[in-house]
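In what follows, a structure is listed as structure tokens, so that the remarks can point back to it.
The values are calculated or read from the model by the stated rules, or taken from the named source; none is laboratory data. Quick caveat, the model's predicted, so the values are computed rather than measured. Cβ sites come from the backbone with ideal geometry, for glycine too, and all protein chains shown count toward neighbours.
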Amino acid sequence: MEDELWRILYPLIQEQDNRRFRKKGVVFSDARILGVFFWAVLHDRPILWATRPANWPQEQRWRSLPSASTMSRRLRTLSLVTLLTQVWLRMVGQAKPSLVRMIDAKPLPVGGFSKDLDTRWGQAADAKAKGYKLFSIWSRGAAVPEQWRLGSMNFCEPIVAMSMIPTLRGGGYLLGDSLYDTNPLHTLCAGHGLQLVAPRKKPGTQLGHQAHHPSRLRAIELLEPGAATPGGFGPSLYAIRTSIERHFGHLGNFGGGLSPLPNWVRRPHRVVLWVAAKLVLNGLRISRNQGVSI
């Protein structure tokens, strides 16, 4: 699995790097630095492991490798982060336009005694946990999320959603759980041509005396019993939302997938690179299984 993904991945990295201006006098190109980083991520190993020739296939040992200190310094540069972003956008561009999107967050817990100062305690599914969260919006049938953010475990999901929604291209339906059922979020979605469909925390109750956005009233009509939903359109539409849970499940269900954050992945600048690389690897795996060329 790892070798198959690598044969697809590294040419993609080189293709994106060749389109950019290359600085003179640089010993290791951005493509080489990013390739070594992906080699570590693909095998769930620290970067130091990937800088040792013995951990590479025999046929690739003729290439010189950067030192661990060079890797640490270069991975923090804007140029390297931009290249990784270009690789991700290349895969986003392969997805077919969809009128249905799903939004949710995946907890990325760390140990309760972790010394990472940027982690926070927050809600992770049905329990409290310390760590980070991956906030993402997936188009139906896509191999990678259309938009994603990384935040601490205590970040409010509707607030993070408000930073992602304006970046979406085109309208349609956005499906979320009850956490996203807020008037401000309905207002924002409607302003960008999206109908947010999220159930109320207490369905079937009265709406009270405050004013509600028409988009929220429409979502209630679609989802709650007795609503005007010819042919059961609302429940059928909302049933698609469970596909984002499968996306999160598949993301960790293969060698090199996004498992719980290892001990050497701490602090936001490391976590965001690690998660981005895992999303790219998962997207390549899905595209390969579907017979889609990148």
*Every residue from the stretch 246-294 that is over 13 Å from the mean Cα position of the chain (by Cα) and in a helix (DSSP H, G or I)*: ARG246, PRO268, HIS269, ARG270, LEU284, ARG285, ILE286, SER287, ARG288, ASN289
*asked:* Testing LEU78 on (1) under 22 Å from the mean Cα position of the chain (by Cα); (2) over 21 Å from GLY252 (Cα atoms); (3) touching a residue at least 60 places away in the same chain (Cβ under 8 Å), one condition comes back false. Which one is that?
replied: (3)
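Restricting to the stretch 95-110, what's the tally of residues that are modelled with pLDDT under 90 and either surrounded by 15 or more Cβ atoms within 10 Å (Cβ to Cβ) or among the basic types (Lys, Arg) (or both)?
Narrowing the stretch 95-110 to residues modelled with pLDDT under 90: 95-98.
Then drop every residue that is not either surrounded by 15 or more Cβ atoms within 10 Å (Cβ to Cβ) or among the basic types (Lys, Arg) (or both), which leaves 95-96, 98.
Residues flagged as modelled with pLDDT under 90 and either surrounded by 15 or more Cβ atoms within 10 Å (Cβ to Cβ) or among the basic types (Lys, Arg) (or both) within the stretch 95-110 amount to 3.
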*Among the listed residues SER236, SER215, SER243, which satisfies the condition of being touching a His at 6+ places or on another chain (Cβ under 7 Å), assigned to a helix (DSSP H, G or I) and at negative phi?*
SER215
_Hits in the stretch 43-75 - residues which are out of contact with any Ser or Thr (no Cβ under 7 Å at 6 or more places or on another chain), assigned to a helix (DSSP H, G or I) and either touching a residue at least 24 places away in the same chain (Cβ under 8 Å) or not assigned by TED's automatic domain parsing to the domain that holds ASP17 (or both)_ = ILE47, THR70, SER72, ARG74
*Single unsatisfied condition, ALA40 versus (1) closer than 15 Å to TRP264 by Cβ; (2) in a loop (DSSP other than H, G, I, E, B); (3) not basic (Lys, Arg)*: (2)
*Since SER79 meets every condition but one in (1) more than 18 Å from GLY283 (Cβ to Cβ); (2) modelled with pLDDT under 90; (3) not in a loop (DSSP other than H, G, I, E, B), which condition does it not meet?*
(2)
*the stretch 183-209, residues that are surrounded by 19 or more Cβ atoms within 10 Å (Cβ to Cβ) and more than 19 Å from GLY234 (Cβ to Cβ)*: LEU188
